[in-house]
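Please read the structure below before turning to the comments.
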Amino acid sequence: MPLEAGLLEILACPACHSPLEERDTELVCTGQDCGLAYPVRDGIPVLLVDEARRPE
């Protein structure tokens, strides 16, 4: 389910403050050294570093 229009523009990665990109059911950090993927549950982004998936 896509996020509300404009929401993605104001969200940033809590770890490195880079912009986020929506992919499937995750928001992925666009920072080169970060790359954390945050889950979106029931249309709500869970922007907690402890809940993020590390890049592969």
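The values are calculated or read from the model by the stated rules, or taken from the named source; none is laboratory data. Values in this document were obtained by computation on a predicted structure and should not be read as measured data. Quick reminder, even Gly has a Cβ in these numbers, built from the backbone with ideal geometry, and neighbours come from all protein chains shown. When the accessible area is computed, the model is the full protein with side chains, heavy atoms only, and any ligands, DNA or RNA have been set aside. Shrake-Rupley method; radii C 1.70, N 1.55, O 1.52, S 1.80 Å.
Being β-branched (Val, Ile, Thr), part of a strand (DSSP E or B) and open to solvent by 30 Å² or more (accessible area, probe 1.4 Å) is the filter here; which residues of the range 1-39 pass it?
So the first thing to find is which residues in the range 1-39 are β-branched (Val, Ile, Thr), and the list is 10, 25, 28, 30.
Next, only the ones that are part of a strand (DSSP E or B) stay: 28.
Listed by number, the list is empty, since nothing qualifies.
Which of the residues that make up the range 4-33 are touching a Leu at 6+ places or on another chain (Cβ under 8 Å) and polar (S, T, N, Q)? Across the range 4-33, the qualifying residue is only 30. Within the range 12-36, residues that are within 18 Å of residue 2 (Cα to Cα) sit with their Cβ atoms under 7 Å from residues that are among the β-branched types (Val, Ile, Thr) and buried (at least 16 other Cβ atoms within 10 Å of the Cβ), at 6+ positions apart or across chains, in these pairs: 20/28; 21/28; 25/40; 26/40; 27/40.
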